[in-house]
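Coordinate-derived values only; no laboratory data. Keep in mind it's a predicted model, so treat the numbers as computed, not measured. No Cβ is skipped: glycine too gets one built from the backbone with ideal geometry, and neighbour counts run over all protein chains shown.
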Amino acid sequence: MVRIAEDHGYDFNLLRGVIAVNDEQYERMVSKVERALGGSVSGATVAVWGLTFKARTDDLRDSPAIAVIRRLIERGAHVRAYDPGVVGRTSPLLDGVEVAEDPYSVCEGADVLVVLTEWDEFRWLDFAKVAGLMKVARLVDTRNLLEPAAVRRRGFAYDGLGRG
């Protein structure tokens, strides 16, 4: 839209501002993952739950999850992901992402788990099992989907938005 506006001589500053704010939010999420890993994602295996634009859809277009994952990959992370709306699908938007058939397999040997889409089914997974599969039980919940005390009781170092 910005390009179309420019082509017609209109300066769409408001939309540019929205884009800048969105980019800043994606960077905040990546920074949370970097902090959870001690400062860098380079060489880390990042397990991701959620790829779609929002839960209960299969739409990957303009997905904040994909934007965050792209930044993680650019910084050297290996990303394995699961999303119930994407199982069995391929998309150029997922290039460089190892997509799995279930939420547990992405956690095997992972250095951190990141929740990027608010699928309700993620709440009810066996977090003791998840912690046992991971190299280190670290969790970054970018949607504040999970109950911090509950996952901490399962041995996770937890970080959510606006939560410690």
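How large is log10 I(q)/I(0) at q = 0.32 Å⁻¹ when the Debye formula is applied to the Cα atoms of the stretch 26-76, each weighted equally and without solvent? Computed log10 I(q)/I(0) values: -1.26.
Sorting the segments 103-113, 83-93 by their mean number of nearby beta carbons within 10 angstrom, highest to lowest, gives 103-113, 83-93. For the stretch 2-160, the spread of Cα coordinates along the three principal axes comes to 58, 33, 28 Å, biggest extent given first.
Here the simple spin-label model places points 7 Å from the Cα toward Cβ, and for Arg154 and Arg75 these points are separated by 2.4 nm. Distance between the pseudo-spin-label points of Arg56 and Asp95 (7 Å out from Cα toward the beta carbon): 3.4 nm. Shape index of the stretch 73-119: Rg/Rh, with Rg the Cα radius of gyration and Rh the Kirkwood radius from the inverse mean 1/r over Cα pairs, equals 0.93.
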